[in-house]
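Working notes, structure below.
Each reported figure results from applying straightforward, stated rules to the coordinates on display, with no laboratory input. A quick note: this is a predicted structure, and the numbers were derived from the prediction, not measured. Here the Cβ positions follow ideal geometry from the backbone for every residue, glycine too, while neighbour counts run over all protein chains shown.
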Amino acid sequence: MIETAIVLKSYFPLQPRLVLLNNANERLDGVLPTNLGQRLRPGYVISYHRLNQRLFAKLHAVELASVPGISNCEQLLFWQQILEICLELIPTGAFSPGVFELLMSINNHFSNYSSSQRHLLICYLLSLCGFYPEVDQENLEYARLVSRLTVQPGFDFKNFEDNHKIENFLHYWIKQFVEQNSSNQLNFLLRTI
């Protein structure tokens, strides 16, 4: 069976190994039989046959399906941050429903997201990975609004309009995550957003 995946990390040239998030929303490590991995970068979409069902899967018939349509440094930095968040939050072998679809949506429709749109995307990603903020009465209305927005079928983050109060809530959500997370790499990433 042919699978599709987004490359989260490449260990080339040191090892013929990739970290992938596949279309079944499973994170796995893939071992390549050739030097194809030298051309594969984080964010690239590949198709392949998996020869075994182990966490270190042997990949066969690997083909490059697409590369992100990134046109500037800000988009590249944001894409790298999204991939690093996935790498840090999704353990090998774990399934994270909805994450692959979100990444493909970002990958297929790259645009210049506003600061609020980027924060909303990150908060949505955090929620897909199982992190929700502790919400007091003051922020309950915004938490419900963000939840409603992100579960709408076909919701386009580009159509999210900046709102100072919602932006403050999104900052609160990310800040709370940073304070509760022990990963220095992830804390650094989220502080730069």
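Value of Rg to Rh for the stretch 58-141, rounded to two decimals, is 1.03; Kirkwood radius and Rg both from alpha-carbon coordinates. Remark: TRP79, TRP173 ranked as TRP79, TRP173, counting other beta-carbon atoms within 10 Å and listing the fewest first. Per residue, the convex hull around the alpha carbon atoms of the stretch 1-122 comes to 99 Å³. Averaging 1/r over every pair of different alpha carbons in the stretch 2-66 and inverting the result gives a Kirkwood radius of 11.2 Å.
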